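Just below is one structure, and these are the notes that go with it.
The values are calculated or read from the model by the stated rules, or taken from the named source; none is laboratory data. Computed from a predicted model, the values in this text were never measured in an experiment. Cβ placement follows ideal geometry from the backbone for every residue including glycine, while neighbour counts extend to all protein chains displayed. Side chains included, ligands, DNA and RNA excluded: accessible areas come from the protein's heavy atoms. Shrake-Rupley method; radii C 1.70, N 1.55, O 1.52, S 1.80 Å.
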Amino acid sequence: QVQFVESGGGLVQAGGSLRLSCAASGAASGSTFSITAAGWFRQTPGKQRELVAGVTSGGRAKYGDSVKGRFTISRDNAQKTVYLQMDSLKPEDTAVYYCNFINFGGWGPSYDYWGQGTQVTVSS
């Protein structure tokens, strides 16, 4: 089983930036991580978890319309870590952010286990 630990969230003013990190650990995490697409999701109370950015094992990225041009996803396979650079933040970006393995073509999660997430709050 692979575990994800998200970090880097916090409180920031609108227009500011944050960089989130997601470290994978657990049995077979290394081999699994390096060959599997990964993504960042976000969730607000009462709403479904939304995939906002994904990256293939080779580094090809894709973004949801709500974050395109403002967020940048990247990964370090040697460190088993996925990053999300968030710039020009808006109050509507406020959410708990999670990472997970994804089905890049289907644009959804491909693994059933989730970490605790990291809270991002953007003040106006």
Any idea how many residues of the stretch 64-86 are closer than 21 Å to GLN119 by Cβ, open to solvent by less than 50 Å² (accessible area, probe 1.4 Å) and assigned to a strand (DSSP E or B)?
7
Members of the stretch 5-25 found to be in contact with a helix residue (DSSP H, G or I) (Cβ under 8 Å, 6 or more places away or on another chain) and under 17 Å from LYS90 (Cα atoms), listed by number:
ALA14
For the stretch 5-53, enumerate the residues that are of a type outside the set (Ser, Thr, Tyr), under 15 Å from ASN77 (Cβ atoms), surrounded by 14 or more Cβ atoms within 10 Å (Cβ to Cβ) and modelled with pLDDT under 95.
ALA24, GLY30, PHE33
How about the stretch 74-100: which of its residues are within 19 Å of GLY59 (Cβ to Cβ) and among the basic types (Lys, Arg)?
ARG75, LYS80
Can you name every residue in the stretch 104-120 that is touching a Gly at 6+ places or on another chain (Cβ under 7 Å) and in a strand (DSSP E or B)?
THR118, GLN119, VAL120
Residues (hydrophobic (A, V, I, L, M, F, W, C), within 20 Å of SER7 (Cα to Cα) and modelled with pLDDT of 95 or more) located in the stretch 59-100:
VAL67, PHE71, ILE73, VAL82, LEU84, MET86, LEU89, ALA95, VAL96, CYS99
Every residue from the stretch 54-63 that is open to solvent by less than 30 Å² (accessible area, probe 1.4 Å) and not β-branched (Val, Ile, Thr):
GLY54
Give me the strands (runs of 3 or more DSSP E) completely within the stretch 1-58, filtered to those with at least 2 residues that are of a type in the set (Phe, Trp, Tyr), ordered by residue number.
38-43
